[in-house]
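Scroll down for the structure; my scribbles are underneath it.
Nothing in this text is a laboratory measurement; each read-out follows from the coordinates by a stated rule. Small disclaimer: the values here were computed from a predicted structure and weren't measured. All Cβ positions, even for glycine, are placed from backbone atoms using ideal geometry, and neighbour counts span all protein chains on display.
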Amino acid sequence: MIAVAEVTPVWYLVLGSILFSIGAVGLLVRRNPLVMFMCIELMLNAVTLTFVTFSRMLRDVDGQAVVVFVLVVAAAEVVVGLGIIVALLRKQPSATADDVNVLKG
Amino acid sequence: MDTLDLVWLIPALPLAGFIVLLVLGRRLGEPVAGWLATAACGAAFLTTLVVFAALVGEDPEQRRHVYDLFTWLHVGGLDVKAGFLADPLSITMALFVTGIGTLIHLYSIGYMHGDPKFAKFFVYMNLFVFSMLMLVLGSNMLITFLGWEGVGACSYFLISFWFSKDANASAGKKAFITNRIGDWGFMTAMFLTFATVGSLDYSVVLERAPQIAPVTATAIALLLFVGACGKSAQLPLFVWLPDAMAGPTPVSALIHAATMVTSGVYLMTRVNPILAQSYSWGPDVIAWVGVITALFAATIAVAQTDIKKVLAYSTVSQLGYMFLAVGTGAYVAAIFHMVTHAFFKALMFLGSGSVIHGMHDEQDMRRMGGLRKLMPITAATFIVGWLAIAGVPPFAGFWSKDEILLFAYDKSPALWAIGLVTALLTAFYMSRQVFMVFFGDERWRKAPTADTDGTAEHDPEHHIVEPHESPWPMTVPLVVLAGLAIVGGGLNLPFTGKLKFLEHWLEPVLEGNERVIGVATNTKVGLALIATLAGVAGIVLAARVYLQKRNRPVEPELLAQGWYYDSTISAFMGGPGQKGFDAVAAFDARVIDGAVNGVATSVRGGGKGLRVLQSGFVRSYALGVAVGAVGLLLFFLTRAGGL
Amino acid sequence: MELFVFLVAGAACIIGALGVVLNSNPVHAALSLVGTLFGIAVLFIAQEANFLAAVQVIVYAGAIVVLFLFVLMLLGVDRSEDLSIEPLGAGQRIAAVIVGLAVLALPLMAFRSTEGEATGAIAGPGDANLLRAEVADVAQLGESIFTTYLFAFEVTSVLLVIAVVGAVVLARKVKRADYVEDPLVAAAEAADAP
């Protein structure tokens, strides 16, 4: 396919922004805790995409190093988060994020 | 060690006596407690003599020694040491405080015999002597104020010593509260002094006094005078002194004749450089207040029937003379009169105590009479005191009062005239007292009548107990004081410069602020003569009325009630005054407390309102975080110029 | 060529993202997420971050999403969520949309202001963190992590240990004896009782 336009790094950045905003909206709208978690993962992925893009723009390998750490932290976060969700859902399988409101003031 | 460093021992000895008696007093009991207290006071007197001798040995210019015990306060710019100042003025005061104090302690052993609270009396008396010595020996205004408050507190304790009677407790309260009003003046003066000079030390303040602006100097001087009015019972704060006679007579003698009430005069003399720096109308105010008070009190004394009340008003009057002297710049005369007054007034108070003791607690003069045959020593010494205060030469009072009147004449003939009238009245009411008590018919032999209500206990069949002379602990001090009243004039005889011991002695303290008068010797002699004549006239008038019964006594109710001054104040304070106080209290409770409580309530309300935000819903919190993040993003982008 | 790859992968990403957000069945949402993750991996390769692409697929798509599916299946929470109701009020949805639009618009505006250039410091030839085209990116990445970011690396390993411990603690079954009355359960049982 003949390239009609040049793919500049900005396109990647824009894509990352779109993904991030979709993830943000999803987090605020969905009630199922697992789906909310998936939206967080979506946002993290958008961020990693942005970091890699910047790494290429700035010819800096630090961006890719950050992505590695983000990956590790995301993994750890998922582990702990799912542990919490498991503990929560075991008692009440139909619980949603709105049912965890015991700490209201 | 420099002998002058012993000055700290002078107040320490009565303090030690106080502490020992506080702990062991009741166990020591009568009369050991009394002797211990007297010994403490006597030891202080001996120490004062030693320091005095050391001071005399110094050059006149070197007679000023400050001994600091430790640093009391060191806060910000304020550095106050627990220091003692040994200079001619303070040692003079210390001498007669400890000297007369010892005599009165001795007297009290006899007077308080049989009282259940015997030991406690001496506890308070020693504490008083300690406070008074701190007052006069302090090297800075704050130590003086410490003593000032201390003597006020002890005065309260001692006036209301027999507090089981409501009247005595009220009298103590009255004294303390009235003094407090004066203390406000003292405190404000201290604040002003510190603000202007930056220190409260006498050495610093008095040295820098010439650099104080006249406005400030006048303010400080007059505020200190307000304090002096409270402590030394001048108009308008004298009301506590007549009521203070509710206390035991030795208390009246020590505190309300010789020592505490003179602290005002001491204070004004101490700050004479500040007075010299103020506007001329400042000391004028002091002089006029003094002389008006003198006259006012003398008129009231004419109509009193209680033996101690006459002496109380007499004290107020004589203090007025001292302030007249201070106001006209005659500091030496003021101190001179203070010393001689201490002698004869203490003498007369102790004498009246002896009379009361002998008459078995009878204080109404109308039920006395002809006591000179039954109480010869008391009578003789009292007569000496009477002649002294009446201004009969060569007794002490004549010389000192004459000095004051001389300086008053030089300042303004009006002042002199009022002073002269007061001298006449003084002679009159004192003679009246002497004639009523020691001469004339023995009215106590008669049964009590309707209008001669005494204070003694009445039994159904009126036993007539013969009055008796008092025991030796009471008569010895009387004799000593009488001797001093006779020779006391020798302190400052006006004949030649060499005989003016007191003037030369006090020169370093006064440093030329003593007014110099240019009155011809003839005028001086003439004035002295007129003063003596006034005194004699007063005695003769009193004799005609009270001894020879040739004229009817004139004792109008107005004067007997003290020109209704006291009752007016009570009515005002009780009526509109009370409403004012209630309003202030309500303001405090509602507005000030309300404001504080309102802050708490509004915080609580705010908290309650904000609680709504804590819904517990995770998604709401997530929304909050998101909105905040967007806000931050906006902020940074606008700052960085990205938008 | 790059344009074609970008368009396809980008589409996959966006469609997957929308799938995650809009699917009421959580299993379908998880599968959409896989689509997004693959799209991202392709975009990594397009930007010559090959190692990261591989790691992305292995860790994210291969481990994390599988973990999600495990929990979904094991706990039987694959019930569909009713997307039409919003218990927190309509304001939540409106605010969410506004936030989403803001989060989209603000970076775009930032990109426009810098005309598509990055404003950071571009690594020069002598710098240690220079991304060299001739060396394999794995090697460069490894060098960077094990020298410049060694401390962060160690900390993340500790983090992983903590995460494991935490997960074990959180997910274990509570013995009857340690059982503490849970208000959720009590409320549920009270609701179920009559």
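Residue ranges B:536-549, B:416-429 sort as B:416-429, B:536-549 when ordered by packing (mean number of other C-beta atoms within 10 Å per residue, highest first).
Since only B:M93, C:V97, A:F20 are under comparison, the one whose Cα sits farthest along the positive direction of the charge dipole of the protein assembly as shown, derived from C-beta charges on Lys, Arg, Asp and Glu, is B:M93. Backbone phi angles across the stretch B:475-490, fed through the Karplus curve with coefficients 6.51, -1.76 and 1.60 (θ = phi - 60°), yield HN-Hα couplings of 7, 4, x, 4, 5, 4, 5, 4, x, 5, 5, 6, 8, x, x, x Hz in residue order; Gly and Pro are listed as x. Peptide C:184-191 shows a mean partner chain C-beta count of 2 within 10 Å per residue C-beta. Placing +1 on the Cβ of every Lys and Arg and -1 on the Cβ of every Asp and Glu, with no other charges, gives the protein assembly as shown a dipole of roughly 2400 debye about its Cα centre. Rounded to the nearest 10 degrees, the inclination of helix B:214-231 to the longest alpha-carbon principal axis of chain B is 60 degrees.
Ordered by the count of other Cβ atoms within 10 Å of each Cβ, fewest first, B:E466, C:E143, C:E115, B:E403 give C:E115, B:E466, C:E143, B:E403. Net charge dipole, chain B: roughly 1200 debye, given to the nearest 20, about the Cα centre with Cβ charges of +1 for Lys and Arg and -1 for Asp and Glu.
Name the residues whose placed amide hydrogens come within less than 5 Å of the amide hydrogen of B:G370, ignoring near sequence neighbours (fewer than 5 apart) on the same chain. It is B:F438, B:F439, B:G440, by chain and number.
Distance from the Cα centroid of the stretch B:106-158 to that of the stretch C:35-64 is 96 Å (rounded to whole angstrom). Compared with the dominant Cα axis of chain B, that is its longest principal axis, helix B:88-111 is turned about 70°. Cβ-to-Cβ counts within 10 Å put B:T328, C:T148, B:T475, B:T532 in ascending order as C:T148, B:T532, B:T475, B:T328, the fewest first. Here the relative contact order of the stretch B:173-253, from alpha carbon pairs under 8 Å that lie six or more residues apart, stands at 40 percent.
Dividing the summed helix terms, -39500 (n - 2.57) for each DSSP H run of n ≥ 4, by the number of residues in the protein assembly as shown produces a 222 nm estimate of -22000 deg cm²/dmol to the nearest 500. Full extension of the chain between B:D59 and B:S615 yields a length gain of 191.4 nm, computed as 0.36 nm times the residue separation minus the alpha carbon distance.
For B:K120, the lysines whose Cα falls under 30 Å of its own Cα, not counting residues fewer than eight places away in the same chain, are B:K165, B:K173, B:K174, B:K231, B:K308, B:K309, B:K345. Summing Cβ point charges (Lys, Arg +1; Asp, Glu -1) relative to the Cα centre of the stretch B:1-151 gives a dipole of roughly 640 debye. Applying the Karplus relation 6.51 cos²θ - 1.76 cosθ + 1.60 with θ = phi - 60° to the stretch B:235-246 yields 3J(HN,Hα) values of 4, x, 10, 7, 4, 7, 5, x, 5, 5, 5, 5 Hz, where x marks Gly and Pro. Legend: mean number of C-beta atoms from other chains within 10 angstrom of residue C-beta atoms, peptide C:145-156, equals 3. For the stretch B:1-139, relative contact order (Cα pairs under 8 Å, six or more residues apart, normalised by length) works out to 39 percent.
Highest mean packing comes first when the peptides A:42-50, B:622-630, B:199-207 are listed by Cβ atoms within 10 Å, giving A:42-50, B:199-207, B:622-630.
When peptides A:74-85, B:15-26, B:587-598 are ranked by their average number of other Cβ atoms within 10 Å per residue, the highest-first order is A:74-85, B:15-26, B:587-598.
Positive end of the charge dipole of chain A (Lys, Arg +1 and Asp, Glu -1 on Cβ, about the Cα centre): tell me which of A:L44, A:P93, A:V72 has its Cα farthest that way. Checked the options; the winner is A:P93.
Work out the FRET efficiency for B:A560 and B:M187 from their Cβ-Cβ distance, taking R0 = 35 Å, and round it to the nearest 0.05. Computed FRET efficiency for B:A560 and B:M187 comes out at 0.45. Among C:L106, B:L558, sorting on how many other beta-carbon atoms sit within 10 Å of each Cβ, with the fewest leading, yields B:L558, C:L106. Normalising the average separation of contacting C-alpha pairs (under 8 angstrom, six or more residues apart) by the number of residues puts the relative contact order of chain B at 12 percent. Considering only C:I58, C:L106, C:F44, the residue lying farthest towards the positive end of the dipole of the stretch C:37-194 is C:I58, judged by Cα position with unit charges set on Cβ.
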